[in-house]
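Right, one structure below, let's go through it.
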Amino acid sequence: MEEEIKAGSLKKDLTTVPLVVYFIAYILYLFFNKYLKLEDEALLFKPIIIPCIAFVYFFTANSKKTILNLFLFSAIFFADNVILLKDRKIYEIATLMYVVVLFILFYYVVNDSEIVKKYKKNNSVFGRVLAIILGILIALKVFNFGFKLFKSEVYFVIIYVFVLLTVFLLSIYNAFKKKSLSAKFLLAMLASLVMSDVCLAINEYYFNNPILVFIGCCIEIPVYYFLLRFLLEREKYPSKG
């Protein structure tokens, strides 16, 4: 009995400590990046953020289907960090990684909504089609790096916005029609991202008010915590893809 209590306490510590580190690292990153404009110093804290969330997920998750989520965290980690380097080509790669992340979330919310299952008993076909589309997009992006046949960043931004809106709308459907708690966390994540960007954009181009920066930063801080809760809530339903 005593050993079980100790094991439970240890497990709680192993999930609590990374979350505390996550919030501290995110606050320090935003302070140096948004307020002090010290991007080199901000780079010291940015790489800590996603590994903390990933550690809690992989330590807590019960499902064996973690490869896709490993790819999800890797894509976010790569995009979040290289985007600070301010190189145009790297920025385009980061945009591609964010598109990959949205495709994975799109796959999840479609499965959760069971829209595909209404027409197909096996939704693996949907996953394969989505993977093929994503593979074609990545191939076009890589090919365009060498030949510069078209301004691919414009198309990827359009795709990014379209998939983001689709994920948002399906999350609303899942949250209210399916009464899905995981969808509510995903909605919170997307709302956090959008509202934070809106506050920072208004500050950058219109009012230049530090209060807007503060509000935007506060809204942004829990964004990956909401992602963690979304993924963990999905784990409670093993039948989901």
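Within the stretch 139-172, take every residue that is in a helix (DSSP H, G or I), out of contact with any Ser or Thr (no Cβ under 6 Å at 6 or more places or on another chain) and among the aromatic types (F, W, Y) and give me the one that is modelled with the lowest pLDDT. Residue satisfying both the conditions and the ranking: F147. Among the criteria (1) surrounded by 15 or more Cβ atoms within 10 Å (Cβ to Cβ); (2) within 15 Å of S113 (Cβ to Cβ); (3) modelled with pLDDT of 85 or more, the one L190 does not fulfil is (2).
Please work out which one of (1) within 25 Å of L14 (Cα to Cα); (2) surrounded by 15 or more Cβ atoms within 10 Å (Cβ to Cβ) is the condition A79 fails and give its number. Failing condition for A79: (1).
Those residues that are outside any helix (DSSP H, G or I) and either in contact (Cβ under 8 Å) with a residue 24 or more places away in the chain or in contact with a helix residue (DSSP H, G or I) (Cβ under 9 Å, 6 or more places away or on another chain) (or both), I need them from the stretch 31-52; list them, please. L36, L38, listed by residue number. Reported count of residues in the stretch 193-241, each being within 22 Å of F31 (Cβ to Cβ), small (G, A, S) and surrounded by fewer than 18 Cβ atoms within 10 Å (Cβ to Cβ), is 1.
Among V129, V110, V100, which is the only one that is farther than 21 Å from A201 by Cα, part of a helix (DSSP H, G or I) and modelled with pLDDT of 85 or more? Don't jump to the end; show me each part of the working.
Values: V129 fails: modelled with pLDDT of 85 or more; V110 fails: modelled with pLDDT of 85 or more.
None of the others qualify; the one that does is V100.
Within the stretch 14-54, which residues are closer than 21 Å to E204 by Cβ, among the polar types (S, T, N, Q) and loosely packed, with under 14 Cβ neighbours inside 10 Å? Walk me through how you get there before you give the answer.
First, the residues of the stretch 14-54 that are closer than 21 Å to E204 by Cβ: 26-27, 29-43, 46.
If we keep only those that are among the polar types (S, T, N, Q) as well, we get 33.
Within the stretch 14-54, none qualify.
Could you please find all residues in the stretch 53-76 being among the polar types (S, T, N, Q) and either free of Cβ contacts under 8 Å to residues at least 40 places away in the same chain or in contact with a Pro (Cβ under 9 Å, 6 or more places away or on another chain) (or both)? Result: N62, S63, T66, S74. Scanning the stretch 24-78 for residues that are of a type in the set (F, W, Y), more than 24 Å from Y91 (Cβ to Cβ) and over 14 Å from the mean Cα position of the chain (by Cα) yields F55, F58, F59.
The values are calculated or read from the model by the stated rules, or taken from the named source; none is laboratory data. Computed from a predicted model, the values in this text were never measured in an experiment. In this analysis, Cβ positions are derived from the backbone assuming ideal geometry, glycine residues included, and neighbour counts consider all displayed protein chains.
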